[in-house]
1. Determine which member of the set A:A47, A:A52, A:A64 is outside the structural domain of A:A423 (by TED's automatic domain parsing), more than 26 Å from B:D234 (Cα to Cα) and of a type outside the set (F, W, Y).
2. I want to confirm something. Restricting to the range A:272-285 and keeping residues that are farther than 17 Å from A:W221 by Cα and within 14 Å of chain B (Cβ to nearest Cβ), which single residue is surrounded by the most Cβ atoms within 10 Å (Cβ to Cβ)?
3. Within 27 Å of B:F272 (Cα to Cα) and either within 21 Å of the chain's Cα centre (by Cα) or assigned by TED's automatic domain parsing to the domain that holds B:A54 (or both): which single residue out of B:I148, B:I200, B:I185, B:I196 fits that description?
4. Name the helices (runs of 4 or more DSSP H) wholly within the range A:424-481 that hold at least 1 residues that are touching a residue at least 12 places away in the same chain (Cβ under 8 Å) and of a type in the set (K, R)?
5. Within the range A:254-279, how many residues turn out to be more than 27 Å from A:P46 (Cβ to Cβ) and either under 17 Å from the mean Cα position of the chain (by Cα) or among the polar types (S, T, N, Q) (or both)?
6. Criterion first (crowded, with 20+ Cβ neighbours inside 10 Å and in contact (Cβ under 8 Å) with a residue 12 or more places away in the chain) does B:V149 satisfy it?
7. Going through the range B:97-140 one residue at a time, which ones are surrounded by fewer than 16 Cβ atoms within 10 Å (Cβ to Cβ) and under 18 Å from B:R53 (Cβ atoms)?
8. Would you call A:L321 touching a Pro at 6+ places or on another chain (Cβ under 6 Å), away from chain B (no Cβ under 14 Å) and not basic (K, R)?
There are 2 protein chains.
Amino acid sequence: MLEHTLRERDEHMEEKLHKLKSLLARVHDLETAAGLLSWDQETYMPAGGAEARAEQVATLGRLAHEFFTSEEIGNLLVSLEPYARKLEYDSNDASLVRVTRRDYDRAIKLPSELVAEIARTGALARQVWKEAKETSNFSIFRPYLEKIVELCVQKAQALGYEDRIYDALLDEYEPGMKASRIEKIFADLKTELVSIVGAISVCEKPDDSFFHKEYGERAQWDFGIEVIKDFGFDLNHGRQDVSAHPFTTAFSIKDVRLTTRIQKDYLPSGLFSTLHECGHGLYQQGFDLSLERTPLAGGASLGVHESQSRLWENLIGRSRLFWNHYYPRLKEIFPTQLKGVSLEQFYQAINRVEPSLIRVEADEATYNLHIMLRFELENALLEGRVKVKDLPKVWNAKMEEYLHVVPPNDGQGVLQDIHWSQAYMGYFPTYSLGNLMSAQLFQCATQEIPSLPQQIGSGQFRDLLDWLQKNVHRHGRKLTMAELLQRITGKPLEAQSYLAYIREKYSDIYGDLS
Amino acid sequence: MLEHTLRERDEHMEEKLHKLKSLLARVHDLETAAGLLSWDQETYMPAGGAEARAEQVATLGRLAHEFFTSEEIGNLLVSLEPYARKLEYDSNDASLVRVTRRDYDRAIKLPSELVAEIARTGALARQVWKEAKETSNFSIFRPYLEKIVELCVQKAQALGYEDRIYDALLDEYEPGMKASRIEKIFADLKTELVSIVGAISVCEKPDDSFFHKEYGERAQWDFGIEVIKDFGFDLNHGRQDVSAHPFTTAFSIKDVRLTTRIQKDYLPSGLFSTLHECGHGLYQQGFDLSLERTPLAGGASLGVHESQSRLWENLIGRSRLFWNHYYPRLKEIFPTQLKGVSLEQFYQAINRVEPSLIRVEADEATYNLHIMLRFELENALLEGRVKVKDLPKVWNAKMEEYLHVVPPNDGQGVLQDIHWSQAYMGYFPTYSLGNLMSAQLFQCATQEIPSLPQQIGSGQFRDLLDWLQKNVHRHGRKLTMAELLQRITGKPLEAQSYLAYIREKYSDIYGDLS
């Protein structure tokens, strides 16, 4: 009798689960449609379309938010939670209920109008940012950024926080992470990185002048496509286009869009953008197909996402093993430009350490210093310690302090990144967290796939991709960064693997760095 | 006292009007977002994205329909109608209420689920149609088309009709038009066209073999862009891309998207597709900006839309005056391919009359016969007189009867057009109605702009575009085809202007055709 009742109750739960999934699928459709609106805005939309696009994005964002925060979903979660807790932790259904609860509790704190206002302001600001960046004119972007900081503060206040205002925003991108913990990790990283960069600074720099010759855009594009196909990116379920700031987005596990930007007179820019975004794309293509049209079909966090892009861009794409295989091919494509440049010279040039202006083109040793700067400025803006109008000045001062270089104009300084124009604050530190995670994962993969070095050295990536798919990708948002790392490596996130990787790599190039 | 009350009531009406507009703007945003989803599917989407895209399109379509058919909008219309009738007929507000009422009465008859099912089936079928067309394999498309016919019948039954089932569907594309009236117009047209085509058939055909040389795709593209810029198409508020079947769509008056297709070995295909779609695009860019984000920001009907595309493609783009100016430029771009081809030979070749397989490449004399065939087949499918499985056979038989040519495969036959895959039935006859209207409009423009021939002969189109903008474009959906024609020409739609144009043009090329 009791068993009968339980079964009945489970059937009832299946019904509720089905209802929840269909409501969430509708939200997912609105969100992926909004994703396409944004993708189009960055890739193909004529400038005149910005105003209407802002309205469209705002309408879809508001509807998705309204539907998601409906009482109906709240009630379904309440009824389903006891049932879901009896299921296996990482089963689709248990994870769906658990992750939806986390999202829901966040979302109901945000008024629809604020969400729409942020979306609308972001869409408009992005268009102005483009022009501001191109013309190095901070003043036209300033009022938009002021509005965005104000909206971010409103958002953080609506969400609430215990310790720091930053935590409220950060949690969206890296669930469970806190500003104070990042400060601690960054402090450790900074000491070691500064010592490494200091040691390298007295060494002779590898010559990389050949990167600045003219490299045909079409040929660069084609080589990039060749490599990402070898990595395993599936062009029947994705594509690559051009945008001012490379990004990856997806409208389905089977429709993943990469963008890149090619510079005719600087080879590494397009090349490593392509490999980087491909890492994101492989993650998006790797979610278990049963997660399609659910909130679980996404990256566990931005940090985990970045661990994938960095792994393919740096641990693979800037390794000597990789270029053992690909350098002859690259020389075939650019025989004049690379004439007389040996594999070793090329390898050293792509790993040249030098404080520079642009984050996305920074080497692995200085990259995290760019992040620390942004992280500190965001905290200062949100806490009111720095005003937007003073931002270019403060940016330049910090660049000098951290990297001993000062941007000649705001286009190469405070305006270089798209993120703030999209109202993404609290996002930047996830880049560094991803760097750390990438090293931890790669160390583990290397132990578990003994022939991995030989495979990389012959352009074979199937085993690595399978390993990542099995351990990271397929789970989508089911597990957090901490849960993934614990399962895979038995350890929490830590800086030591990354620092060991950096120290070993650069000692090999520059000699003893201790 | 009474005046005071009236003013109060008007203020109350302003409020209701504002509410109506904001509800309609939300619907408009959903519809334009869905428009982008479809545009992307035709231009850039990887094949794997089709399934998810179908769901997204269905969700947006369903929501737009649900919101539009809400009781709230119905009640607002009821309260606003007496007020709107006091306003000037073609004022924004009176037109908004009147046109929304027409749309609303139609839409409430359609169940949301049917609308979503049609959208979903259309998105899936479109993908299958592409493959079926490429591989000339009707059998893979057949079950989709069967489903589509069934859905169209359901739709017509839900909408209701007095005389013919066709009328219910036709009314969506050409408000107020009836199948029986089209049959009458087509009967007139057919007699005259058959006589003209018959007279031409005994004449010597102009040589057009030079069209089949190799014409670089990039150069074709660039020439097309040059011409449409001269026409006045604004590339800051629009763009052109490539798709299998050329089309025009818009997500804003300031974001109008044309597509074209270029054939390396057949010059006229890309060239006239580009001019044709540009005609649609100029219409979309010409709506009064005050109509943005309202249901009035659209073409009056598909027939009126087609009158614009045909005017630019044929009455301008296939005229001797136009090529007086542009032929030297085209020869500059393709000197080898057009060597020894005189302006007169070129002009005659682009106006060569010959029964052929592909509608979009048909000449102006035979084009309408392609339409009559489709119109008859659609009627037969909807009335159950022809089954989908027999369609290729019936298509081929009719092609033989009307045009004395038989498609060698279904790719060049029944599968050539995208329309049915998108569940557009009742759409085709508007192409012919547009042809007729284009001639009526052009005749009138020529009378009102005395120097028009000289202007066209020197690549100047500003006055013509202004005339069209003032008389047709700016009104958007405010006025029907009949209302526009009455205002502009003082006459209803009639075949005589078109037949006179055809007779004059081809007599000039082929000699006396009476």
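The values are calculated or read from the model by the stated rules, or taken from the named source; none is laboratory data. Quick caveat, the model's predicted, so the values are computed rather than measured. Positions of Cβ are backbone-derived with ideal geometry, glycine not excepted, and every protein chain shown enters the neighbour counts.
1. A:A64
2. So the residue we want is A:Q284.
3. B:I185
4. Where helices (runs of 4 or more DSSP H) fall fully within the range A:424-481 and carry at least 1 residues being touching a residue at least 12 places away in the same chain (Cβ under 8 Å) and of a type in the set (K, R), they are A:462-471.
5. The qualifying residues number 5.
6. Considered against the rule, which asks whether it is crowded, with 20+ Cβ neighbours inside 10 Å and in contact (Cβ under 8 Å) with a residue 12 or more places away in the chain, B:V149 comes out as yes.
7. B:E131
8. It is true that A:L321 is touching a Pro at 6+ places or on another chain (Cβ under 6 Å), away from chain B (no Cβ under 14 Å) and not basic (K, R).
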